[in-house]
1. So what's Rg/Rh here for chain B, counting alpha carbon atoms and using the Kirkwood radius for Rh?
2. Using unit Cβ charges (K, R positive; D, E negative) and no other charged atoms, how large, in debye to the nearest 20, is the dipole of the protein assembly as shown about its Cα centre?
3. Using the charge dipole of the protein assembly as shown (Lys, Arg: +1 at Cβ; Asp, Glu: -1 at Cβ; taken about the Cα centre), state which of B:Ala20, A:Asn90, A:Pro50 has its Cα farthest towards the positive end.
4. Using the Kirkwood formula over every pair of different C-alpha atoms, what hydrodynamic radius in Å results for region A:25-79?
5. Quote the relative contact order of chain B in percent (integer), defining contacts as alpha-carbon pairs under 8 Å separated by 6+ residues.
6. From a point 7 Å beyond the Cα of B:Asp121 in the direction of its Cβ, which residues of region B:85-106 have a backbone N at a distance under 20 Å?
7. What's the exposure ranking of B:Tyr226, A:Tyr47, B:Tyr103, going from fewest to most Cβ atoms within 10 Å?
8. So if R0 is 35 Å, what FRET efficiency would A:Lys147 and A:Ser45 give, r being the distance between their Cβ atoms, rounded to the nearest 0.05?
Amino acid sequence: MYYKLNTAEQKTTFTERMMQMAWELDADRPIYAQLVERIRMQIVSGYYQPGGKLPSVRELAATAAVNPNTMQKAFVELERTGLIITQRTNGRNVTEDEELIAGVKQGMAREHMEVFFSKMKELGFTKEEIRALVDGEIMQNVQEEGKGL
Amino acid sequence: MNELVEIVGLTKAYDAKHVAVNNITLTLPRGKIIGLLGPNGSGKTTLIKMLNGLLTPTQGSIIINGKYVGVDSKAQVAYLPDRTYLSGNQKISEILDCFVDFYADFSREKAEEMLRSLNIDPSTKLKTLSKGNKEKVQLILVMSRNACLYVLDEPIAGVDPAARDYILRTIINNYNPDATVIISTHLIGDIEQILDEVIFMRYGHLVLYTSVDNIREQHGKSVDAYFREVFAC
């Protein structure tokens, strides 16, 4: 799915989607893996702040309309990578380690870049052409932002 | 005592030609939401009725939470039948009275709270409700019990998508983590993401009992798609 960057209106719809709708999940991959990706994205994008509190397994499972055991499995995986911390008496928090979060963000960005470059190469673009296209796209985004203000 | 349901060599034959459930042996754990899936006539409802003691097995046995199916097991199994047994002329509040009398583990407060959240007035008669709301009321009655096994026969048949989401959330929010929920349906795609495990039945036989993530990992497709492949005509 493609969301345009930085337009206020679309940002709220995106947030609303996060809050209200049952999460859309792909049919052909394990559900817990998709929950891990989704929550990781929410942490990296700052939807859940560093050190911030996370909803309980049951709350989040109900929001996503998935099985609580599956959500639990996703949380265990996120704990293993250190992104979330479980406190025995106080529920779960996002890690305060902002370097760790930045590292995860870099890793995710690299994955997107790899996909992008392999697709563009498949389409037959050279490196210079890809760079020109990216520059053009950025310019257009800047202009649209300007209009929005 | 760790396993919740132990089914051994279970068979139900209505007559020599019609064997609805054929020699099923199956052990179900606690704390899972399990889909009971199969085409029409595969024996799902017959199996469910035996779990609830409404049909007597021809052969084999079922033990639920350490007890053979009977009065003791029925006190711990909450059952949503595929067809309603409630009278439409009763007010919802009267039905609640009946459930309080009948089931020691029924929480009236919980039921009333859920009715409030749906803006359903307990003084209305059941028959005046829409189909979707009737389904919801019946599910609320079942999920307001503190049972160790919930058996839901086709809980989402014929309701709109919003009602379906409500029903799924009600199931997730209300079952206790030591209990297991068995949901029978052929609308697999609709409930797939709340299931831990699935049981496939065909012609009364157990075809498959595995976890949803296993199917997705091994076959790279949804349970719904895999079901269509296994049961292709």
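Values quoted throughout were computed directly from the atomic coordinates according to the rules given, and no laboratory measurement underlies them. All figures in this text were calculated on a predicted structure; none of them were measured in a lab. Positions of Cβ are generated from backbone atoms using ideal geometry, with glycine treated the same way; all protein chains shown enter the neighbour counts.
1. Answer for chain B: 0.96.
2. Charge dipole, the protein assembly as shown, about its Cα centre: 900 debye, nearest 20.
3. B:Ala20
4. 11.4
5. Averaging sequence separation for qualifying contacts and normalising by length gives 26 percent for chain B.
6. Correct set: B:88-97.
7. A:Tyr47, B:Tyr103, B:Tyr226
8. E between A:Lys147 and A:Ser45, to the nearest 0.05, is 0.90.
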